[in-house]
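The values are calculated or read from the model by the stated rules, or taken from the named source; none is laboratory data. Treat the numbers as computed from the prediction; the structure is a model and nothing was measured. Quick reminder, even Gly has a Cβ in these numbers, built from the backbone with ideal geometry, and neighbours come from all protein chains shown. Quick note on the areas: whole protein, heavy atoms, side chains included, nothing else; ligands and nucleic acids left out. Shrake-Rupley method; radii C 1.70, N 1.55, O 1.52, S 1.80 Å.
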Amino acid sequence: MFSFLGVPVDAAYHLVAGFTGILTPVLGGLAAVAAIVAFTVAVRLLLMPLSLRALRGQVIQARLAPQLHALRQRYARRPERLQREMSALYKREGTSLFAGFTPLLLQWPFLSVMYLLFRSPQVGGKPNTLLSGDLLGVPLGTHWLSGVGPASAQGAVFLGVFALLAGLCWLSARLGRLMTVQAGKDQADGAQAAPAGGGLLVRALPYLTVVIAAFAPLAAGLYLLTSLAWSLAERKLFWRSDRTLRRRR
């Protein structure tokens, strides 16, 4: 575990473990699962202003993409002039190159604490009791590849989680493309937008979460599933509200 994250992970552990204890008389072994989902939703709700700010910055970047592409073509051999023109464009639009990236970076410590909490066998030098819960008979501390086997009944639970993750990744990628295309059309007003990359790596990147879950314990997979579902809901909500505001203008 990263040493500088040890204290917040320990604090988060006591919060989730305490909530699990409250839920145990009602939910039994599923109490830890419910606590993981609830804690993830609570943290993502607190981070929602940063998430929406990042989405807003990404949409602005997509809107400016045709103009940025034109500037790069026009001043390809004059990097200093290109930098000045790009800076001037960002200034006119009231944004910056890092408008969509900085809010994501600020969320990283919080999301890292949660991921470490749900994948670490020990917290504060003691066993992570959250991993002793189970989902459909599968202990939350179990790994897909190092457990009883991917083809077993327990493996089927993991495969179900992976299938849900893959579906959410596909929906998220599709929504991201729709948002980018719409933003580009709004800014270009019918002009040809900057070409988008469509290589194999670009198409595969959205599914990296599934790969991470395949090498993490089930508890971490449930966290990733909940967090990704929340992110998708945020993007859908933002896109609808953004489209509604543009139509009213």
Accessible-area order for Arg92, Arg56, Arg44, largest to smallest, probe 1.4 angstrom, reads Arg92, Arg56, Arg44
Working from Cα positions, state the angle (0 to 90°, nearest 10) between the long axis of helix 6-27 and the longest principal axis of the chain.
60 degrees
Helix 153-188 vs. the chain, principal-axis angle (Cα, 0 to 90°, nearest 10):
20 degrees
Please work out how much accessible surface Ser51 shows to a 1.4 Å probe, ignoring ligands, DNA and RNA, in Å² rounded to 10.
10 Å²
For Met48, Met179, what's the largest-to-smallest order of accessible area, 1.4 Å probe?
Met48, Met179
Between Arg92 and Val7, how high is the FRET efficiency from 1/(1 + (r/R0)^6) when r is the Cβ-Cβ distance and R₀ = 45 Å? Nearest 0.05.
0.55
So how much slack lies between Ser231 and Trp108, counting 0.36 nm per residue of separation and subtracting their Cα-Cα distance, in nm?
42.9 nm
Contact order relative to length for the chain, counting C-alpha pairs under 8 Å separated by 6 or more residues, stands in percent at 29 percent
Inter-probe distance in nm under a simple model that places probes 7 Å from Cα toward Cβ, at Ala151 and Val41
3.8 nm
Tell me, what ³J(HN,Hα) does each residue in the range 99-111 have, in order and in whole Hz, if you take phi through Karplus 6.51 cos²θ - 1.76 cosθ + 1.60 with θ = phi - 60° and put x for Gly and Pro?
4, x, 9, 4, x, 5, 5, 5, 7, 3, x, 5, 5
Report the Cα centroid-to-centroid distance between the range 150-182 and the range 51-81 in angstrom, as an integer.
30 Å
Angle in degrees between helix 31-46 and the longest Cα principal axis of the chain, rounded to the nearest 10
30 degrees
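In terms of solvent-accessible area of protein heavy atoms at a 1.4 angstrom probe, what is the ranking of Ile36, Ile60, Ile22, highest value first? Kindly include the intermediate steps, with their values, before the conclusion.
Working: Ile36 0, Ile60 45, Ile22 120 Å².
Ranking Ile36, Ile60, Ile22 by accessible area, largest first, yields Ile22, Ile60, Ile36.
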Taking Cα atoms only, Rg over Rh for the chain with Rh from the Kirkwood formula is 1.06
Which order do peptides 210-217, 223-230 fall in by mean Cβ count within 10 Å, highest first?
223-230, 210-217
